[in-house]
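In what follows, a single structure is set out as structure tokens and then discussed.
Taken together, the values in this text are just the output of simple stated rules run on the coordinates, not laboratory data. Fair warning: this is a prediction, and the values are worked out from it, not measured in the lab. Positions of Cβ are generated from backbone atoms using ideal geometry, with glycine treated the same way; all protein chains shown enter the neighbour counts.
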Amino acid sequence: MSLIQRRGLLAAGLALPALGARAQATQMTAAVYPGGWDEALRAVLAPRLLQQHNVTVAFDPLFAVDQIAKARAARGTPPFDVFVLDPGPRVSGMDLGLFETFDPARLPSRGVLPAGYADNVGAAVAAQVVGIAYNPQKVPKPAGWRDLFRPEYASKLGLTGFGTTFGTISLIEMAKALGGSETNMDPLFAELRRIRPSVAAVAQPAAMPGLFQQGQIDVMYTNTYTVTLLRSRGVPIAFAVPESGAAAFVTTMHIAKNSRNIAAAYQYIDAMISTPVQTALSLDPYFFVPVNKEVTPGADVPMRSISEITNFVTHDWTRINPLRAGWISRFNREMAG
Amino acid sequence: MNGPGVWRLALPLGLAQLMFFAAPLLILLGTSLATDEHLREGSLRAWREVLGDSFHIQSVVNTLRLGALTVLATLLLAVPLALVHMAAGPRLKRAILIAAVLPLLTSVVVRTFSWIVILGREGVINSTLIATGLSATPVALLQTEPGLILALTQIEMPLMLLPLIAATARIDPSLLDASTSLGASLARTLSRVVLPLALPGLIAGSTLVFASAATAFISQSVIGGGRLNYLPALVWQQAMVVFDWPLAAAMALTLMGSVLMVVGALNLLGRGARHA
């Protein structure tokens with residue numbers, strides 16, 4: 001059965017009971033990452049929400065930084081009811097006061113989340129595991145972050161800067177491996193300057209999978225989700241856990257300040273963490289890393305349950321965020337040579 | 001149509017431009033002169049950072065140079081084709097016109113991504129070079145300025161070709177015959193008859209290609225990559241990733257101002273040539 005058919009059947013199966021049902025469903029709007037997330041949430045979460053709570057959701061496909069920018073530009077009238085964000089933009093949203101205070105008690109399914117995964121800011125809905133992706137037909141498996149700076153890897157490496165969460169934490173891990181720290185990037189920039197002329201590409205994060213697929217780069221840093229997705233499309237790619245450990249972070253949902261659909265927003269987030277939705281999202285073709293303790297992550301994810309996330313490298317975004325603008329600008333300059 | 005009230009026909013578009021272009025532009029200017037996007041306090045910090053920093057100045061220069069080199073490359077290819085079009089019969093004329101318009105019918109995103117397939121390390125050009133033994137290792141094309149100019153030349157070509165063909169098509173063929181029968185060589189006919197008459201088309205085409213190539217955000221970031229710095233990507237980064245709106249506004253106005261200066265100079269050139 002093709003992916004499309006399977007996806008269609010899954011969506012239809014979940015939606016059928018709701019068809020022709022209750023009129024006057026509550027309407028809400030949720031921001032969602034474009035691409036895989038958008039597809040997955042439309043197919044899995046939206047039908048479930050309609051069926052269980054009679055809520056219809058309109059999706060607004062926006063990257064995390066675009067959600068913050070749009071909510072900020074709207075000055076108090078939220079363009080959507082729910083944000084979905086990675087740690088960096090989450091801290092920006094907190095600093096800018098873009099979220100309603102979150103009450104985890106309003107999530108009936110909160111028991112499936114590990115302790116601390118729902119707080120007064122929002123709730124975790126998916127995890128991401130970041131490490132090194134490589135083409136096993138072209139290069140041997142890299143042992144760790146330092147390897148990327150050796151000539152045989154550097155000449156096939158795709159670099160992306162501090163603009164995204166996965167890019168930032170990967171570069172921080174490299175800085176640590178080179179003798180720096182979470183807040184000291186100097187050793188990293190010195191090494192980047194050295195390999196700059198030979199690296200295969202320096203590009204926007206969204207361009208990386210395409211460059212990998214085209215053979216322009218054979219090594220990059222990314223999450224397990226991208227690796228599994230590319231491999232499911234026939235690209236020779238494997239995930240390497242660096243010797244210092246893979247880094248992990250959670251994607252969180254937040255209710256927008258002044259949202260008019262607060263009850264529906266809680267139902268939406270609750271449905272998102274529920275076991276049926278987390279199970280469907282963890283499978284082909286979506287490959288999400290579940291945060292629900294009852295759901296087993298996919299084969300590429302180097303953990304058997306979200307409880308193991310404590311073994312992974314995590315980062316303190318309240319310390320990273322104030323420094324990030326400076327790193328972004330320095331990365332531009334160092335790469336321009 | 002020349003009645004005294006005819007200006008009223010321009011009212012709908014004029015008002016729309018005022019509301020949706022002029023007013024936001026003023027807000028942009030205000031933002032560039034403030035400490036943050038709330039416009040509560042004034043500050044020249046953003047402008048100092050743009051104009052007083054060699055990295056930003058270099059990015060302005062890179063952007064303008066990219067526009068200029070793309071104009072040159074499109075001119076080199078478009079002028080001969082326009083001459084062929086002039087001399088061709090009606091069927092070939094139609095074929096050339098269709099070929100010129102066709103790329104416009106595919107999205108610029110598609111055209112940009114196809115250039116990755118062509119220029120990449122394992123792309124069409126490199127596989128050919130290696131298969132024919134012209135090169136032992138892949139040549140760096142993607143993420144280099146020449147590669148970007150090559151791609152932009154194809155992407156922007158219709159913008160040069162269409163005004164140029166429109167101008168040359170209006171040249172009366174009897175003028176060429178007259179020039180030849182008066183003893184002028186082909187070169188002299190081209191330079192003294194065809195070129196001056198085609199100049200408005202050349203200038204219109206150059207203006208469009210320059211403005212479009214200098215601001216081609218997608219092509220610049222996807223094909224150019226992070227080692228080449230151009231203003232459009234820096235504006236996006238400051239606005240959307242760093243949230244420094246004053247700096248983004250100042251860069252956006254710098255981009256607009258510098259492109260407008262070049263476009264203005266091109267127009268002056270056209271006017272000067274017409275009066276000469």
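Brief remarks on what is shown
- In this structure the amide hydrogen of residue A:133, modeled in the peptide plane, comes within under 5 Å of the amide hydrogens of A:220, A:221, A:222, A:240, none closer than 5 places in sequence on its chain.
- J(HN,Hα) series, region A:174-188, from Karplus relation 6.51 cos²θ - 1.76 cosθ + 1.60, nearest Hz, glycine and proline x: 5, 4, 4, 5, 9, x, x, 8, 4, 10, 10, 9, 4, x, 5
- Partner lysines for residue A:70 [C-alpha distance under 26 Å; skip if fewer than 8 residues away on the same chain]: A:257
- Global geometry of region B:1-125, whether rounded, prolate or oblate, following the gyration tensor of its Cα atoms and the 1.5 cut on a/c: oblate
- Here residue A:156 is the anchor, and the lysines within straight C-alpha reach of less than 27 Å, apart from those fewer than 8 places off in the same chain, are A:138, A:141, A:176.
- Estimated vicinal HN-Hα couplings, Hz - region A:125-130 in sequence order (Karplus 6.51, -1.76, 1.60; Gly, Pro = x): 10, 7, 10, 10, 10, 10
- Mean per-residue shielding of peptide A:211-217 is 6, counting Cβ atoms of other chains within 10 Å of each Cβ.
- Estimated FRET transfer efficiency when R0 is 51 angstrom, pair residue B:72-residue A:77 (beta carbons, to 0.05): 0.60
- The HN-Hα couplings worked out from phi for region B:262-270 by the Karplus form 6.51 cos²θ - 1.76 cosθ + 1.60 (θ = phi - 60°) are 5, 4, x, 4, 4, 5, 4, 4, x Hz, whole numbers, x standing for Gly and Pro.
- Pairwise FRET efficiency - residue A:263 versus residue B:10, Cβ, R0 = 41 Å, nearest 0.05: 0.25
- q = 0.09, 0.12 Å⁻¹, the protein assembly as shown: log10 I(q)/I(0) [Debye, one scatterer per Cα]: -0.86, -1.33
- Across the options B:209, A:134, A:121, the greatest Cα extent toward the positive end of the charge dipole of the protein assembly as shown (unit charges at beta carbon of Lys, Arg, Asp, Glu) belongs to B:209.
- Between the residues A:232, B:24, B:191, the greatest Cα displacement towards the positive end of the dipole of the protein assembly as shown, with unit charges on the Cβ of Lys, Arg, Asp and Glu, is found for B:191.
- Annotation for region A:158-235 versus region A:303-336: alpha-carbon center distance of 12 Å.
- Trypsin sites (Lys or Arg not before Pro) within region A:268-337: DSSP coil, no more than 14 neighbouring Cβ in 10 Å: A:304
- Highest mean packing comes first when the peptides B:262-270, B:135-143 are listed by Cβ atoms within 10 Å, giving B:135-143, B:262-270.
- Within chain B, longest stretch clear of exposed trypsin sites (Lys or Arg not before Pro) (DSSP loop, no more than 11 other Cβ within 10 Å): B:41-169
- With at most 16 neighbouring Cβ atoms within 10 Å, loop GluC sites (Glu not before Pro) (DSSP) excluded, longest segment of chain B: B:123-276
- For region A:194-337, the share of alpha carbon pairs falling in successive 10 Å distance bins from zero is 9, 27, 34, 23, 6, 0 percent.
- Net lengthening on full extension, residue B:192/residue B:41 (0.36 nm per residue, minus Cα-Cα): 48.5 nm
- Remark: region B:67-228 carries a charge dipole of roughly 180 debye about the Cα centre, counting +1 on each Lys and Arg Cβ and -1 on each Asp and Glu Cβ.
- Three-way shape label, chain B, alpha-carbon gyration tensor, a/c 1.5: oblate
- The distance between label points at residue B:58 and residue A:294 comes to 5.7 nm (points 7 Å beyond Cα on the Cα→Cβ vector).
- Anisotropy class of region B:67-228 from Cα gyration tensor, a/c 1.5 cut: prolate
- Under-5 Å amide H pairs with residue A:123, H placed in peptide plane, nonlocal only: A:253
- Region B:9-25 versus region B:191-235: alpha-carbon centroid distance in Å: 26
- In the protein assembly as shown, the DSSP-assigned H stretches of four residues or longer account for a calculated mean residue ellipticity at 222 nm of -16000 deg cm²/dmol, using -39500 (n - 2.57) per stretch and the full residue count as denominator.
- Placing R0 at 41 angstrom, the Cβ-Cβ distance between residue B:88 and residue A:333 gives a FRET efficiency of 0.20 after rounding to 0.05.
- Compactness of region A:169-239 - radius of gyration and Dmax, Cα, Å: 13.8, 39
- Residue A:159 long-range amide H proximity, modeled H, under 5 Å: A:201, A:202, A:203
- Simple rule: put +1 on each Lys or Arg Cβ and -1 on each Asp or Glu Cβ in the protein assembly as shown, find the dipole, and look at B:135, B:268, A:76; the Cα lying farthest toward the positive end is B:268.
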